[in-house]
Structure formats: structure tokens, C-alpha cells
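Let me begin by presenting the structure, written as C-alpha cells, before commenting on it.
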Amino acid sequence: MAEKRIFSGIQPTGRKHLGNYIGAIRQYVEGQDRGEAIYCIVDLHAITVPQDSAELRERLYDTTAILIAAGLDPDRCILFRQSDIREHTELCWLLGTVTAWGDLNRMHQFKEKAEQQRELVSAGLFFYPVLQAADVLAYRATEVPVGDDQRQHIELMRDIAERFNARYGEQLVVPEGRYPEVGARIMNLQDPETRMSTTYGSEQGTVYILDPADAVRKKIRSAVTDSGTEVRRGPDKAGITNLIEVLSVVRDTPPDGLEREFKGQGYGDFKAAVAEAVVEYLGPVRERYEELRPDEAAIEDTLAAGAEKARAIAAGTLADVRRAIGIGAPG
Ligand code: AQP
């Protein structure tokens, strides 16, 4: 096994936004240079809330094309669709038997998402973090690149792996979360106290990766800031702090360098600079996406090839786990 095995999953729901890009996708791309990188589009997670079947498939293709456009190279990473690998659901059940109900009941994301459901709060939504643990543990991954909102799920996943190993012997690897130093939590531009997300916050405050340049400019130029005038980070300056973090990532410049650069300049000039930098950053991704997205057969081929490689790894883990638990025919 490679020294580092990196695994992460991303939902094929909605349109992917700048938060997903900066918090997660950027790390996925960089992960290809640091170890064996495995990335999964988690359609089984997406169906924990209602989805239109035809839409779900479309969004899965969108997400796959975005990931490749962003720089995932199917020859240098394993990129696959979660539902193609049945080992994930089997391991999810097995891990459920060593997961404390009380721990699941404490998950913030479950509480937030449950509140939003009008018809049904599914048991699947409650079990979401166990499936997430199965995704990662099936590959014995050492590292999980995610945004800050996933900390609680990663801690739970570590507890599940430890409890499993304590009961059945050292079968699973206890993974580490990897959170970006800057940009682990990109905030909504209209409500900088709230994380930029697919399901919460205003459209106007959410920059989508596929937004046309003019829409990106408009959203960033109208970002909510504060009544002050200084371009610097601070607890009472959530909007400006967020924009500094965004610019820091897209320009690959430390935040304090930007504070020095923009000292004495007004918010308007600063926002215009952020807008242009983000337009430049996302433009090439959108262009590559437009080229890749129409060829759904090619996307399917990529996912099928990824699934074959993923299955070979996950099947080995499941065989070990089943043997350790004492289920199935001996052998
Ligand atoms: N605002 C954010 N800043 C930094 N990272 C973020 N992530 C999400 N929002 C931010 C990270 O993106 C990865 C993929 O997330 P996902 O597509 O699986 O969906 P999610 O976690 O549910 O995030 P969304 O898109 O914002 O959806 P909602 O709000 O509906 O839950 C994850 O690594 C996540 O940390």
C-alpha cells in the first residue's frame, strides 16, 4: 500500500460552489501528487433527502465533469461512483453494529438537515455518517481532505474504526481529517456568519463554479461587509475576513500579505480585485467543463474504469472484515 492513501467523497447534488472548490476539490487535485488518491461521487448519500431520479443522474455527470475540469486525472487517481461499489453499503451495515446511537444523535448536520425535511426525516439521513465512515474505511485510507463542516463526521469515523478494531483486531485504518489552513470554511457572501452551501443561504451569496464571469463579479462586488474601512481580518469583520481568505487561496498569497497590499484602499477596490481573481481562477475550469460535459459516454467509461480499481481494494477489506467478524462461509 502507498504510504499515504487519500480518500474523499463529494455529493452529486445541486451545483458545486466556491466553498466546495476551495475547501475540498482543490485539496483533491493536490492529493494526486502526495499519495494514492481515491475520490468518490456519493450518490447514495444524496438520496438521504428526496431526489428526482433523472436529475440525480444529470447532476452526477455534472459533478464528474467539474472534478475532471478542476484537474483530477483519472490516470493519476481513482474516480468512481459510490453506488457502483456494493461493498460500501455492506460495510455501512457492519459498522452500524459498532456505532453508538447516541453519537449519531449528536451530529449537527443531521439536526440541521432533519429540520429542513418537510415530509420525511429518513433513517438514511440519520445513518449518513456511518455510510461516510464505510466509504473511507473500505479503502483503509490514511487521510480525508474535507472542509471544516465535516470535522464531527471525521471524529465519529475515527471512533467507529477504533471501536471496530478493539472488538475484532486491527482490521481498519484510523484516518486523519485534512482541513485546508486557509479556506476550510468559506462563508455565504450575503450572510458571512453562515457557511456557503448548496442548501442554505441565498443564491446571491453563493458563487457557483459554473457561474458566468459576470454573475461571479456581481455576487462578489455586492458581498455584505461591515461599516468599517480597513481591509483586514477580525472577529467583527466576517465579510472582509471571508473575502481575504478567498483571495488568499485563489492568488496563493498569505492573508497578511493581502492585508498589507490593500492597506489604505477602500472596500470597493478590494472587492473588485477579489472578483477579478475569482473570475480568472474559475474561468478555465468552466471552459474545460463545457468541453467535457456533453460526452456522457466518456464520463461513464471513466467512472467504470475507476469502479473497477476501487472494487479491487474494497473487496479485499470486506473479505478481511467478514472473516474477522465471523460471518459468511469460512474461507
Ligand atoms: N463553505 C464551505 N467551505 C469549505 N468547504 C466546504 N465544503 C462544503 N461547503 C464548504 C466541503 O465540500 C466538500 C463536498 O461537500 P458535499 O458536496 O459533499 O456537500 P456538503 O458537505 O453537504 O456541502 P454543501 O454543498 O454545502 O451542501 P449542504 O450545505 O447542502 O450540506 C466537503 O468536504 C465539505 O466539507
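Report the rotationally averaged projected area of the chain based on its alpha-carbon convex hull, in square nanometres.
Numbers: hull surface 71.1 nm².
For the chain, averaging the hull's shadow over all directions gives 17.8 nm².
Identify the GluC sites (Glu not before Pro) of the range 16-99 meeting these criteria: DSSP loop state and at most 15 other C-beta atoms within 10 Å of the C-beta.
The qualifying sites: there are none.
Cross-link list 237/271; 237/263; 218/263: which exceed 18 angstrom alpha carbon to alpha carbon?
From 237/271; 237/263; 218/263, over 18 Å: 218/263.
Output wanted: per-residue J couplings in Hz (rounded whole) for the range 157-165, from phi through Karplus 6.51 cos²θ - 1.76 cosθ + 1.60, θ = phi - 60°, x for Gly and Pro.
Once rounded to whole Hz, the list reads 4, 5, 4, 5, 4, 5, 5, 4, 5.
Using a Gaussian network model on the chain with a 10 Å cutoff between Cα atoms, which of 152, 117, 190 fluctuates the most?
117
Taking the number of other C-beta atoms within 10 Å as the exposure measure, put 197, 248, 202 in order starting with the fewest.
Ranking 197, 248, 202 by Cβ neighbours within 10 Å, fewest first, gives 202, 197, 248.
With just the Cα atoms defining each centre, how far is the range 8-52 from the range 180-256? Give it in Å.
20 Å
For a quick check, take a GNM of the chain with Cα springs below 10 Å and name the residue from 217, 185, 57 with the largest mean-square fluctuation.
Most flexible of the set in this elastic network: 57.
Quick one: Karplus J couplings for the range 268-283, per residue in order, coefficients 6.51, -1.76, 1.60, θ = phi - 60°, nearest Hz, x for Gly and Pro?
x, 5, 4, 4, 4, 5, 5, 4, 5, 5, 5, 4, 5, 5, 8, x
From the Cα trace of the range 213-290, what convex hull volume per residue do you get, rounded to a whole Å³?
82 Å³
In a Gaussian network model over the chain where Cα atoms closer than 10 Å are linked, find which of 72, 156, 258 has the largest mean-square fluctuation.
Taking springs between Cα atoms under 10 Å, the residue moving most is 258.
Do you know the relative contact order of the chain, to the nearest whole percent, from alpha carbon pairs under 8 angstrom that are 6+ apart?
Computed over the chain, the figure is 23 percent.
Using θ = phi - 60° and the Karplus relation 6.51 cos²θ - 1.76 cosθ + 1.60, list the HN-Hα couplings for the range 208-213 in order, rounded to whole Hz, with x at every Gly or Pro.
My calculation for the range 208-213 gives 8, 4, 9, 4, x, 3 Hz in order.
Over the range 213-290, what relative contact order in percent results from Cα pairs under 8 Å that are six or more residues apart? Let's see the in-between values first.
On the way: 72 pairs, mean separation 30.1, N = 78.
Relative contact order comes out at 39 percent.
Using the alpha carbon gyration tensor of the range 1-111, what are the three equivalent-ellipsoid semi-axes (square root of 5 times each eigenvalue), largest first, in whole Å?
Semi-axes from the Cα gyration tensor: 24, 19, 14 Å.
Kindly express, to the nearest 10 degrees and within the range 0 to 90, the angle between helix 87-96's C-alpha long axis and the longest C-alpha principal axis of the chain.
Helix 87-96 and the main axis of the chain meet at about 80 degrees.
Add +1 for every Lys or Arg and -1 for every Asp or Glu among the other residues with Cβ under 14 Å from the Cβ of residue 10, and state the total.
Here the count lands on +1.
Can you list the residues, at least 5 places off or on another chain, whose amide H is less than 5 Å from the amide H of residue 178, using H built in the peptide plane?
Residues meeting the amide H criterion: 144, 146.
Throughout, read-outs are computed from the coordinates displayed, never taken from laboratory work. Quantities reported herein were computed from a predicted structural model and do not represent experimental measurements. Note that each Cβ is placed from the backbone with ideal geometry, even for glycine, and that neighbours are counted across all protein chains shown.
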